[in-house]
Each structure stands twice: as structure tokens, then as C-alpha cells.
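In what follows, a structure is listed as C-alpha cells, so that the remarks can point back to it.
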Amino acid sequence: MSNMMRAAVQYAIDDIRVEDVPVPEIGPGELLLKTRACGLCGGETMAWYKTEPKVLGHEPSGEVVEIGAGVTDYKVGDRVFVNHHVGRVNSHLSRRGHFTRDPFYKTMRLDPGGVCDYFRVTAQHLAMDTHKLPDGITDEEAVTIEPWSCVLSGLKVCNIQPGDTVAVVGAGFMGQGFVHMSPLFGAGKVVALDFSDWRLGKARHFGATHTINPKSEDAVAAMRALNNGRLADTVIVIAPFPAAWDQALALVEVGGCLHLGAPMPPETDWVQNGHKAYFDQITITSRYSSDHTDTYSYIRLLEAGRINARDAISHRFDIADSAKAFRMLVEAEKSLKIVVYPHGVPDA
């Protein structure tokens with residue numbers, strides 16, 4: 001194997017270059033994986049959230065090609081999923097269940113990223129959140145493990161009771177995940193809201209019982225009309241804009257839950273009526289990323305056939321076309337999960 005490989009490197013939102021970079025060297029307790037497929041994440045389009053230059057991608061599935069000293073649980077040829085960030089057990093935040101908010105979590109990264117020919121898996125990654133893929137989960141389906149594990153993590157704190165009405169504001173790939181998995185947590189009616197009729201159609205495919213386009217109808221009135229005069233018990237907002245958060249809050253029934261599913265840029269104010277905040281008794285929740293318990297649960301649900309990951313894949317690109325793939329991600333029109341293949345797009 002050559003000591004150089006291809007990687008898609010992001011220098012800016014509109015500047016993605018495929019470059020030759022060194023293949024990572026592994027040490028004791030580590031693995032080298034050949035990237036089989038890697039998804040692109042909407043978070044990579046947030047200029048404030050990432051630093052450049054960097055290798056794109058943190059949603060890869062891989063195949064073991066080299067094993068470090070002391071590793072006994074894996075063999076060459078194993079297909080695996082590795083979470084890009086992993087936590088630790090012995091810290092204040094981790095012991096209280098907040099693995100992803102421990103500063104240690106973000107220091108642990110795949111080396112050098114996901115949209116590249118090969119990547120290194122550290123010993124800490126192996127210890128905390130690396131999984132052999134069951135035969136029933138394809139490489140392509142596996143790229144949904146990291147992002148939709150974040151969805152599962154969020155649903156855990158949404159306070160959904162059996163039969164509750166759940167609304168999802170924003171029906172991109174992550175919003176589709178909330179629509180699709182809400183019934184696993186007990187949701188009855190699931191309402192998707194988006195300005196795109198195309199995305200609303202996809203939401204019905206993924207299990208939405210109702211859809212609302214706030215561009216063409218009053219969302220609050222439409223919600224009451226379909227829900228026996230009531231608002232939603234839980235509202236999940238994916239769109240990272242103050243107006244979207246205001247719309248989402250307006251859709252929550254008294255005593256309900258508002259889940260913030262994506263961050264707004266730093267220093268963005270979101271001001272609310274303090275009187276209503278007290279008397280409406282609305283719980284506001286959020287979850288940053290997924291931890292090892294979430295990915296473990298998601299993989300079992302995926303293996304059991306409870307999650308339709310296959311239909312969430314909308315586009316496939318060779319690594320040579322990474323700039324085109326990323327442009328499609330930024331445009332966010334008629335696409336859901338976009339997958340890049342460093343070693344060639346497989347035949348359909």
C-alpha cells in the first residue's frame with residue numbers, strides 16, 4: 001500500500017479540494033481502516049462551527065486493513081463503525097451522563113477525517129465506541145449511524161408519552177430522522193413542517209401522519225385543526241434560526257416540550273416572554289451529538305429493521321466529485337443524505 005492517499009480537504013464553504021496526504025500511521029492499540037463510504041453532514045456547512053482547512057466527513061464506515069499491537073478483538077477485513085468523537089468514563093460530566101459535553105469528547109477525532117482513502121482509529125475510540133457491523137447493515141446504511149444516533153439521543157430527552165403528538169420543524173435529513181423515529185418513543189400523530197413540499201413528501205414516506213407548509217398556511221391554526229384543537233405535546237426544531245425557534249415554541253401545548261435540535265450561531269439572542277415562560281410550564285431540552293450508548297442503541301434498531309436508513313440516502317458521489325457533493329449539501333434543495341465513496345461508487 002502506498003504511503004499517500006486522497007482526501008477531500010475543505011478550505012472554505014465553496015473551496016473543496018481533493019489532495020494527496022499521508023496515510024496515517026497507527027500505534028499500539030489502534031486500527032487503520034479503509035473508508036468504504038462516508039456521509040456528509042449539514043454541520044459542515046456552518047462556517048462558525050468548523051475550522052479550515054480540514055478533511056471533510058465524520059460519518060464513515062470502514063474496513064480493517066491494519067491492526068496495531070495488542071488489538072485482539074478485530075481482524076483484517078472486518079467492517080466497522082467508529083464514532084468520530086468519543087468520551088471517557090472518569091469525569092464529572094461523564095459520570096452525570098453528559099459524555100458529549102466533557103471537553104475531552106471533542107479532542108478525540110478520526111485521523112484525518114472521513115472523506116479519504118484511509119483513517120486511523122485510536123485506542124480510546126476502540127475502547128468507547130467502535131462496533132463491528134452486522135452483515136445485515138450495508139456500508140451505505142452505516143453512514144447514518146452517527147447522525148441518526150444524535151436524533152435518537154435527542155428523542156431520549158423529549159419527554160414523549162405514548163400517543164403524544166410530535167411536531168418536527170425542518171424536514172431535512174435530521175428532521176426526517178426525528179419524524180421516522182418518534183413513533184419508536186411512543187408518538188401518535190407526527191407532524192412535519194417545512195417550506196419545501198418535496199421534503200414534506202419525503203416526511204410522509206418516513207412516517208409523518210400530517211404535514212404543514214408554513215409558507216402557504218398558518219402553522220398554529222393548521223396544528224389545532226389536525227389535533228383536536230390542541231397544539232403539539234413535543235415540538236422539535238431543526239432549523240437554526242430565531243424565527244424557526246419562535247414558530248416551534250408557538251406550536252407547543254401548555255405543559256409540553258420544546259427540543260432544540262440544532263444550534264444557532266454564537267452570540268445569537270433568542271428572547272421570550274417571561275410571563276408565559278413561567279405559566280406555560282414548557283420544558284426546553286437539547287442534546288449535543290451522540291455518545292456510545294446512543295450508537296449502540298441505534299445499531300440494534302437498525303439491525304432489527306426498525307429504521308429505514310436505505311431510503312434516506314439520496315445521492316452518491318466518487319471522492320473526485322467531492323466539491324460537487326458538498327455544493328449539493330450547501331444548496332440543501334432536493335437531497336437528504338449525500339454519500340461519498342473514496343474507492344468508487346459501487347454498482348447499483
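The values are calculated or read from the model by the stated rules, or taken from the named source; none is laboratory data. Model, not experiment: these values are computed from the prediction. Neighbour counts are summed over all protein chains in view; Cβ atoms, including those assigned to glycine, are modelled from backbone coordinates with ideal geometry. Note: areas computed on protein heavy atoms with side chains; ligands, DNA, RNA excluded. Shrake-Rupley method; radii C 1.70, N 1.55, O 1.52, S 1.80 Å.
Give the lysines whose C-alpha is closer than 17 Å to that of K334, dropping any in the same chain fewer than 8 places away, or say none.
Cross-link targets: K202, K324.
Go through W270, W245, W148, W48 and list them by solvent-accessible area, largest first, probe radius 1.4 Å.
W48, W270, W245, W148
By average Cβ neighbour count within 10 Å, what is the ranking of 162-170, 75-83, 12-20, 95-103 from highest down?
On the way: 162-170: 23.3, 75-83: 17.8, 12-20: 13.6, 95-103: 15.3.
The densest-packed peptide leads the list: 162-170, 75-83, 95-103, 12-20.
Would you be so kind as to identify which of L56, I212, M128 lies farthest towards the positive end of the dipole of the chain, taking Lys and Arg as +1 and Asp and Glu as -1 on Cβ and the Cα centre as origin?
I212
Looking only at the chain, where both bridge partners belong to it, what percent of the DSSP beta bridges are antiparallel (to the nearest 5)? Let's see the in-between values first.
Working: 32 of 57 bridges.
Restricted to the chain, the bridges split so that about 55 percent are antiparallel.
For V86, list long-range residues whose amide hydrogen, built 1.01 Å from N in the peptide plane, is under 5 Å from its own amide hydrogen.
It is M108, by chain and number.
Set the bar at 30 Å for Cα to Cα. Now go through K189/K337; K54/K156; K75/K156 and name every pair that lies beyond it. The partial results should precede the final answer.
Values: K189/K337 25 Å; K54/K156 32 Å; K75/K156 34 Å.
Result: K54/K156; K75/K156 exceed 30 Å.
Angle, helix 322-331 long axis vs. longest principal axis of the chain, Cα atoms, 0 to 90°, nearest 10?
10
What accessible area per residue comes out for the chain, rounded to a whole number of Å², with a 1.4 Å probe?
Accessible surface, normalised per residue, equals 45 Å².
Can you send over the carbon and sulfur percentage of the accessible area for region 1-127, probe radius 1.4 Å, protein chains only? Could you put the intermediate results ahead of the total?
Details: 2870 of 5800 Å².
C and S atoms contribute 49 percent here.
Translational diffusion coefficient of region 92-239 at 37 °C, 0.692 mPa s, Stokes-Einstein with Kirkwood Rh over Cα pairs, in µm²/s as a whole number.
Taking Rh from Cα pairs, D becomes 188 µm²/s.
Dipole size in debye (nearest 20) for the chain around its Cα centre, Lys and Arg Cβ +1, Asp and Glu Cβ -1?
On the way: 34 positive and 42 negative charges, 143 e Å.
Value, rounded to 20: 680 debye.
Need the C-alpha centroid separation for region 154-175 versus region 9-81, integer Å.
30
Over region 189-348, with every protein chain in place, what whole percent of the accessible area is carbon and sulfur at 1.4 Å, could you tell me?
Working: 4120 of 8130 Å².
The value for region 189-348 is 51 percent carbon and sulfur by accessible area.
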